[in-house]
Amino acid sequence: MAPPFLFLVLTFVGEMEWDSLVWPLGLVFFGLGVLVRVWAQMHLHYRLRIRKSLTTTGPYAFLRNPIYVANTTMLLGLTIMSELLWFLPIMLVWCIAVYSLVVRREEAHLSHKYGQPYRDYMRDVPRWLPRIGVHSRLRDTSTRARRFFWQSVLAELHCALWLIPLVGKEAFSRMHF
């Protein structure tokens, strides 16, 4: 995700100078993405030192790739905060292209690793957009998942680092333009 993000940080052409709108709106998108990442981490335990198993609970009950959807949401939020609103469709296409390639490889790997249970999961759970009205799939694992809340928050804290270059860009633009 570095090339489009670097573009956001280094480009000033075409900025929409509506700070009172773009920063709060961008932070909402960014924050929503971070929250989904934390929720996913509570169930997946990707960065935690815990034995991994096929995860089908939490956000994984609705989507096979909630972290990639969360990353896309965060990047759209960062794009909004960069004040380059015209870049939103480009960022969305970039994310779709990159994550589509990554997911195909991951799905092949997981299908090999978990076999038929994963193939059944692929058949039942959509890749990108949740089906409306499929809430019965959400399993009650809240007690177990809550045990990992603070560990998951700490594991995803690095997401806040994406804000630093944009804050620096905004400070720079106020000083020189």
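Structure notes:
- Summed side-chain charge close to MET81 - residues other than MET81 whose Cβ falls under 13 Å, Lys, Arg +1, Asp, Glu -1: -4
- In Hz, Karplus ³J(HN,Hα) per residue of region 78-84 (6.51, -1.76, 1.60; θ = phi - 60°; x = Gly, Pro): 5, 5, 4, 5, 6, 6, 9
- Comparing LEU85, VAL38, ALA97 along the charge dipole axis of the chain, the residue lying farthest to the positive side is VAL38, per the Cβ-charge model.
- Cut-off 15 Å between beta-carbons: net charge of the residues surrounding LEU166, Lys and Arg +1, Asp and Glu -1: -3
- Rounded to the nearest 20, the size of the Cβ-charge dipole of region 14-163 about its Cα centre is 1160 debye, with Lys and Arg at +1 and Asp and Glu at -1.
- For region 1-54 and region 66-124, distance of Cα centres in Å: 13 Å
- Given the choices (1) 9.3; (2) 10.5; (3) 11.4, mean projected area of the Cα convex hull in nm² derived from the coordinates of this structure is entry (3).
- Against the chain, whose longest principal axis is taken from its Cα atoms, helix 163-176 shows a tilt of about 10°.
None of the figures in this text is laboratory data; all of them are computed from the coordinates on show. No experiment lies behind these values; they were computed from the predicted model shown. Glycine also receives a Cβ, built like all others from the backbone with ideal geometry; neighbour counts cover every protein chain displayed.
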